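Notes for the one structure printed next.
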Amino acid sequence: LGGLMGHEMSHGFDSVGRLFGPDLILKNWWDKETSRRFDERAQCIGDYYASFEVGGRHVSGNGTLEEDIADGAGLKIAYQAMIATRGGGSD
C-alpha cells in the first residue's frame, strides 16, 4: 500500500506534475537547472527500460517513463517510511 501511495504522490514531481503550481494552474515552477537535471536523470531511467525486451520487441523507455519513475519513487518512499517507523535511518 505504501508503494502505491508513494507512486501516486510522486506524480506531482514528474515531467507532467512539474507543470502545475499548488493551485493546479498550469505553471512551470521548476527553474531551468532543476529541469535540466531531472531530464538528464530521467533519460537514464528511460534508457534502462528501453534495454528490456518482451516478445522480441524493446520496451518504449520514453513511453513508460512517468510510470517507471513513479514506481521507483513509490518503492523508495515506502521503504523509507518503513525504516523510519522502526526507528532507523532512511538510507
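Listing for the model above:
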item: Residue within the range 19-37 that is part of a loop (DSSP other than H, G, I, E, B), of a type in the set (G, A, S), on the phi < 0 side of the Ramachandran plot and under 15 Å from the mean Cα position of the chain (by Cα) present; result: no
item: E40, sole failed condition from (1) surrounded by 11 or more Cβ atoms within 10 Å (Cβ to Cβ); (2) in a helix (DSSP H, G or I); result: (1)
item: Sole residue being in contact with a helix residue (DSSP H, G or I) (Cβ under 8 Å, 6 or more places away or on another chain) and touching a residue at least 60 places away in the same chain (Cβ under 8 Å), chosen from G46, G17, G2, G61; result: G2
item: Hey, D47 more than 18 Å from K76 (Cα to Cα) and either assigned to a helix (DSSP H, G or I) or touching a Gly at 6+ places or on another chain (Cβ under 6 Å) (or both) or not; result: yes
item: Checklist (1) modelled with pLDDT of 90 or more; (2) loosely packed, with under 13 Cβ neighbours inside 10 Å; (3) of a type in the set (A, V, I, L, M, F, W, C) applied to V16, failing item; result: (1)
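The values are calculated or read from the model by the stated rules, or taken from the named source; none is laboratory data. Just so it is clear, the model here is predicted, and its values are computed rather than measured. FYI the Cβ positions are ideal-geometry reconstructions off the backbone, even for glycines, and counts take in every protein chain you see.
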